[in-house]
Amino acid sequence: MKAEKRPQNRTHQMEKSGPDLQKSEEGYRILLEQHPDAVCILVDGKFAYVNASAIRFYGVSGAEELLGHSALDLVPAESRTAFRRLADESNPSQTPLCIEHTLQRMDGREVEVETRALPFAYMGKRAVVSVVRDITERKRAEEALIKSNALLQRMFFSSHTLVAFMDPEFNFIRVNLKYAEADGRPPEYFVGRNHFELYPDPENEAIFRQVVETGEPYFVFEKPFVHPDRPEQGTTYWDWTLQPVKDLDGEVIGLVLSLVDRTERKRAILALQESEKSFRDLVENSPTSIFIIQDGRIVYRNPEHERLFVTLPKPFDTEGVHPEDLQKVERLYQELTEGKIKSAGTEFRYYPQEGMGDDYSIRWVYCKANAIEYAGKKAILVNLMDVTELKELEHMVSTQDKMRSLGRVAAGIAHETRNTLSGINISLDNLGRMLEGDIDTEKAGRIIEQLKSASNKIESIIRRVMDFSKPGEPNFKITDLNRPVEESLSLCSVTLRKIGVKLVKELADELPPCQADPQMLSQVILNLINNAVDAMKNQDAPKRIEVKTVAKGDRVLVSVSDSGPGVPLRLRKKIFDPFYTTKDNSTGIGLSVCHRIVHDHGGALRVSTSRWGGAEFQVELPIDPSSEIK
């Protein structure tokens, strides 16, 4: 569908609205179109109007892909009973109904949503207006943190640090006993309450949102705090760490807040600023590694720093720093030394020096450096905090998800191989019985052919699994995507003509270049064309395949469309999974390999409905604006 027609279609829907909307047509249009949630009007259970947010939410290119379709088709079976009650136009209470349920977008992805619905008069008919909000991330965060609970129990309850777990909206999921004791309220009091309802602080709220948006941790030393319910206790000071918890896609699904009470230390510093001895007592008993750099050398370091570095290192010694983190550590020191920045922090990995015992494994630290004045001269104060346990916790959550994915792949291999071996065993039994009696050579020959076919299938499964697990590194070069597309079409055009498939080619002129492996992309295009041929092989209607290329923004799109039966919405999420197939004599690896190749190119592979009602697969690759085709 052409994108420029979308606003016209939505406006057309509003112009046909009944008298209830015509009272303030322009006001309603602005309100609905700019509403951040998906707003839909259902008549007889079908979409009669959708706003711009609904188009984005359902994953379609325009309103026309939804209008007239039944909303129930996008609701999984387990949620349909509740949804029918929600969409009931004869709701006698005339009050809004609200449920949480699963919804399937037009691109096949299932999401958790909250839907509110109210009976509504629309163009003289009874209708329902519904407002749909995506709560998938909230649900995923809750589930991920609950699943991780068993791993966290020991660290959580034995920690001397105040620890709180929150979802990305800053609602408490759990706090440990130390946290509850410090606040003076029982642990269960916090569950479900919002952090900033209990402790209003616009500055802190901005920091929390920054961590959710960027996925980067945040560390604060000696943050002042006055309890809103107990101001008489005065100002307290806390070191706090805000660590994001991420899923495999890098999305933030939760937050871990760790607090260390630094009130006594801070008050001591404020009270004993004139006493160098008291200051040293406080710093030297700190569990944080602290040292001061002045004139290119370390002029002070506390016992914790001496423990980490048995021999006196050079300032920002990079000998034990992980090679991948070396550049940012050196840049941090250089910018502080040159006065370009006053304060900075970074995470990096390092290998502890010998002499620390038997544990020489790599450690994660957070480094906070500040430009200060020490003994009347410019200096740099450095704090190093060991955050290895938090990194290991994040790694454990990630590993669990990877193991589940590996289990699905292993199950697919076992299923495909077991079915083929069963056929081999049956054929061998038949041969055995024939050997015991009169041998029918013709029948025996057929059985032998069946055995060869089964053996070849196992070999094909193994080969495709190898292609999937290790498809090879792309040999990137500056490429006009029309070239691999033309090569693929030249290989299959004769075959398509013989089997009665009409091929339509529409390649854009002067496509912007991409960094790509032409041979791998030809493999992807051929696989998509072969799949289209398989989908249409048993139909009597005209068989058509259309291949197009076009530049769109900073991307180049290659689409392969067919006039076959298409891919049902319920399957669009699954077809790229390894070993999932709806065809006979297929391993289900082909589309997985295509998806892997496109992903390795930094692109995306999607499926939608073609203009003939069949399937349309679209390969999307980034443009290389700095290159020229040679």
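The values are calculated or read from the model by the stated rules, or taken from the named source; none is laboratory data. Everything numeric here is computed off the predicted structure, so don't read it as measured data. Every residue, glycine among them, receives a Cβ derived from its backbone with ideal geometry; neighbour counts consider all protein chains shown.
A few notes on this one:
Residue-by-condition table, conditions (1) in the same structural domain as GLN618 (by TED's automatic domain parsing); (2) in contact (Cβ under 8 Å) with a residue 40 or more places away in the chain; (3) within 30 Å of PHE576 (Cα to Cα); (4) among the aliphatic types (A, V, I, L, M):
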| site | (1), (2), (3), (4) |
| --- | --- |
| PRO36 | no, no, no, no |
| VAL60 | no, yes, yes, yes |
| LEU66 | no, yes, yes, yes |
| HIS101 | no, no, yes, no |
| VAL111 | no, no, yes, yes |
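- Pick from the range 347-377, criterion of a type in the set (Val, Ile, Thr) and modelled with pLDDT under 85, ranking: nearest to ASP239 (Cα to Cα): VAL365
- Residue ID - farthest from PRO512 (Cα to Cα), chosen from residues in the range 545-577 that are hydroxyl-bearing (Ser, Thr, Tyr) and in contact with a Phe, Trp or Tyr (Cβ under 8 Å, 6 or more places away or on another chain): SER563
- Check on GLY339, on the phi > 0 side of the Ramachandran plot, at pLDDT 80 or above and out of contact with any Cys (no Cβ under 7 Å at 6 or more places or on another chain): yes
- Verdict on ARG265 being part of a helix (DSSP H, G or I) and either surrounded by fewer than 18 Cβ atoms within 10 Å (Cβ to Cβ) or not assigned by TED's automatic domain parsing to the domain that holds THR161 (or both): yes
- Each residue in the range 127-160 was checked for being surrounded by 17 or more Cβ atoms within 10 Å (Cβ to Cβ), of a type in the set (Ser, Thr, Tyr) and either on the phi > 0 side of the Ramachandran plot or at pLDDT 80 or above (or both), and 1 pass.
- For the range 216-245, taking the residues that are of a type in the set (Asp, Glu) and part of a strand (DSSP E or B), the one that is nearest to VAL163 (Cα to Cα) is identified as ASP239.
- Any hit, the range 256-265, residues being touching a Pro at 6+ places or on another chain (Cβ under 7 Å) and touching a residue at least 12 places away in the same chain (Cβ under 8 Å): no
- The single residue among SER559, SER493, SER460, SER522 that is in contact with a helix residue (DSSP H, G or I) (Cβ under 8 Å, 6 or more places away or on another chain) and either at pLDDT below 90 or not aliphatic (A, V, I, L, M) (or both) turns out to be SER522.
- Test set (1) touching a strand residue (DSSP E or B) at 6+ places or on another chain (Cβ under 8 Å); (2) modelled with pLDDT of 80 or more; (3) over 18 Å from GLY250 (Cα atoms) - GLY124 fails condition number: (1)
- Restricting attention to the range 95-139, the residues that are charged (D, E, K, R), out of contact with any helix residue (DSSP H, G or I) (no Cβ under 8 Å at 6 or more places or on another chain) and either under 21 Å from ILE55 (Cα atoms) or not in a strand (DSSP E or B) (or both) add up to 10.
- Test: residue in the range 193-212 that is in a loop (DSSP other than H, G, I, E, B), under 20 Å from GLU142 (Cα atoms) and touching a residue at least 60 places away in the same chain (Cβ under 8 Å): no
- Qualifying residues in the range 171-194 (those that are of a type in the set (A, V, I, L, M, F, W, C) and either surrounded by 19 or more Cβ atoms within 10 Å (Cβ to Cβ) or more than 18 Å from HIS227 (Cβ to Cβ) (or both)) - the one modelled with the lowest pLDDT: LEU177
- Among the candidates GLY234, GLY250, residue that is in contact (Cβ under 8 Å) with a residue 24 or more places away in the chain and not acidic (Asp, Glu): GLY250
- Condition met for GLN273 (modelled with pLDDT under 80 and either surrounded by 11 or more Cβ atoms within 10 Å (Cβ to Cβ) or more than 30 Å from GLU142 (Cβ to Cβ) (or both)): yes
- Of all residues in the range 553-568, those that are under 23 Å from the mean Cα position of the chain (by Cα) and under 22 Å from LYS543 (Cα atoms) total 0.
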